[in-house]
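Coordinate-derived values only; no laboratory data. Computed from a prediction, not measured in an experiment: that's the story for all the values here. So basically every Cβ, Gly included, is an ideal-geometry build from the backbone, and we count neighbours across all protein chains shown.
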Amino acid sequence: MVLFHILVALHIVTGSIGAIAFWVPVSGRKGGVNHKRWGKVFNVCLLATSGFAIGMSLLTLLDPFGTHPHLVGLFEADFIRGIFGWMMLHNGILTVNLVWYGWLCVANRRDHAANRTLLNLGLQGLLLASAFACALDGWRIGQPLMIGIAIVGFATVATNLWFILNPNPGPMDWLKEHIKGLVGAGISVYTAFFAFGSVRIMPWLALHPAMWSIPLAIGVGLIIWHRRKVDLGLRARRAAAA
């Protein structure tokens with residue numbers, strides 16, 4: 001329990017910093033000093049936050065009621081293992097995957113082959129395995145939310161591999177994938193605050209659709225908006241050069 005509470009405290013601190021830092025590169029001037037500085041803060045904080053979440057999920061799988069004594073009498077052990085064990089493990093790995101992938105996309109924008117590192121490809125395999133585990137346990141205990149979250153993992157692996165293994169990506173695909181990865185990680189951290197955070201105050205709201213849909217809707221909107229700006233900018237440059 002001491003270790004679990006330490007992980008929770010560190011998770012909250014790093015996650016809070018990352019959640020605030022997220023808005024500087026998203027809303028500010030792209031490619032500037034603040035964009036790079038706060039983007040790096042966001043990346044480091046999210047990697048740490050995800051690591052702490054993975055540790056919390058593993059402890060929950062080992063001892064669901066010991067780590068969540070406030071949920072005794074409210075939920076069964078299988079439910080706690082599923083939501084705060086397997087699903088949190090999946091979400092932690094998903095966030096690590098998105099942050100690292102998004103970071104590499106911009107770092108290797110001039111050398112696409114450098115994205116095919118053992119670590120980057122390994123993270124795709126790890127996320128795929130965690131998505132299968134999350135979906136199977138969700139099916140076993142009758143929690144469709146876990147299956148829905150696993151689908152996000154499957155889609156992330158599929159789209160990431162499409163870019164990583166593409167021998168000839170478009171000239172600005174690296175930027176669109178960078179946006180997808182890091183805004184996707186932002187969706188993850190805000191979902192954790194909305195959904196998992198509500199468990200401490202209002203446990204019955206943990207699985208409420210609004211807790212999961214609000215960050216997702218805002219994040220997907222941001223991804224579509226910024227990717228469209230990239231496409232419009234590319235078209236304008238091509239038209240000017242014609």
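Answer yes or no as to whether HIS11 is surrounded by fewer than 21 Cβ atoms within 10 Å (Cβ to Cβ), at negative phi and of a type outside the set (Val, Ile, Thr). First the steps, then the outcome.
On the way: surrounded by fewer than 21 Cβ atoms within 10 Å (Cβ to Cβ): no; at negative phi: yes; of a type outside the set (Val, Ile, Thr): yes.
Criteria not met by HIS11.
Looking at TRP139, TRP100, which one is over 19 Å from the mean Cα position of the chain (by Cα) and aromatic (Phe, Trp, Tyr)?
Numbers: TRP100 fails: over 19 Å from the mean Cα position of the chain (by Cα).
After applying the criteria, what remains is TRP139.
Run PHE22 past the list (1) surrounded by fewer than 22 Cβ atoms within 10 Å (Cβ to Cβ); (2) on the phi < 0 side of the Ramachandran plot and report the number of the one that doesn't hold.
(1)
Just for helices (runs of 4 or more DSSP H) wholly inside the range 1-119: which have at least 2 residues that are out of contact with any helix residue (DSSP H, G or I) (no Cβ under 8 Å at 6 or more places or on another chain)? Steps first, please.
Details: elements: 2-21, 23-27, 33-62, 64-67, 77-81, 88-107.
Per the criteria, 2-21, 23-27, 33-62.
Show the residue pairs that are 6+ apart or on different chains and have beta-carbon atoms under 9 Å apart, the first residue being within the range 61-72 and more than 15 Å from LEU3 (Cβ to Cβ), the second being among the basic types (Lys, Arg) and surrounded by fewer than 16 Cβ atoms within 10 Å (Cβ to Cβ).
HIS70/ARG200
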